[in-house]
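Student: Have a look at the structure that comes next, please.
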Amino acid sequence: SYSVLAPAGVGEILAEGDALQHCVAQERYFERIERGESYILFLRKNTALDKPYYTLEVEPDGTIRQKRTEYDRQGKDMRILEPFLLEWQTVVSKRLTAEDQRLAEKSQALRSEEFAELRRKGAVIYTGELAGKKLVDVLAADLMVNKAV
């Protein structure tokens, strides 16, 4: 019912951000891609592969950092999507190279540092339906560590 697709380039990531009205086009994501820390992937319904549905930020081992749809939201459909994403992580884990695992360890350390800094700063979300929530709590709740690794 669903597919995870890699964007063909920066233009597709920018278009995804425009279509879903979320923050994927921010510089920090491109810096993470450049460092091999995380990647942007698209979750699509198989019946509408060209239509933005969810954007995923994924670490090199398949750990999903973020999964967001329109306006940085997660819909009630996430309960249906999570089993698919867990299955996808299992498939990904079978394809990992030693380099992927090395990058994943680095990515996990950088994520931990970022979470610690966000806690220290007390960073809060100021807009949207998540307004008033601590950013680190939202990011931690979104995290799907690839347990199949």
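The numbers here are math on the coordinates, done by the rules we state, and not lab data. These figures come from a predicted structure and were not determined experimentally. All Cβ positions, glycine included, derive from the backbone under ideal geometry; neighbour counts span all protein chains shown.
Student: Farthest toward the dipole's positive end in the chain, which of Ala25, Ser93, Tyr39, given Cβ charges of +1 (Lys, Arg) and -1 (Asp, Glu) about the Cα centre?
Tutor: Ser93
Student: Using the beta-carbon distance between Ala109 and Glu27 and R0 = 22 Å, what value does 1/(1 + (r/R0)^6) give for FRET efficiency, to the nearest 0.05?
Tutor: On the way: r = 21 Å, r/R0 = 0.96.
The value I calculate is 0.55.
Student: Give me the count of lysine pairs in region 46-111 whose alpha carbons sit under 21 angstrom apart, restricted to pairs 8 or more positions apart or on different chains.
Tutor: Numbers: Lys51/Lys67; Lys51/Lys76; Lys67/Lys76; Lys67/Lys106; Lys94/Lys106.
Final tally of qualifying lysine pairs is 5.
Student: How big is the charge dipole of region 1-50 about its Cα centre, in debye rounded to the nearest 20, if each Lys and Arg gets +1 on its Cβ and each Asp and Glu gets -1 on its Cβ?
Tutor: Approximately 200 debye in magnitude.
Student: Moving on. Per DSSP H run of at least 4 residues, take -39500 (n - 2.57); add these up for the chain, divide by its residues and hand me the 222 nm value, nearest 500 deg cm²/dmol.
Tutor: Only helices count here, giving -14500 deg cm²/dmol.
Student: Separate question: Would you work out which of Ile13, Ala141, Leu56 lies farthest towards the positive end of the dipole of the chain? Charges go on Cβ: Lys and Arg +1, Asp and Glu -1.
Tutor: Final value for the positive-end residue is Ala141.
Student: Defining a contact as two alpha carbons under 8 Å apart and six or more residues distant in sequence, what relative contact order in percent does region 6-66 show?
Tutor: Computed value for region 6-66: 26 percent relative contact order.
Student: Something else now. Tell me which lysines have Cα within less than 22 Å of Lys121's Cα, excluding those fewer than 8 residues away on the same chain?
Tutor: Qualifying lysines at Cα under 22 Å: Lys133, Lys134.
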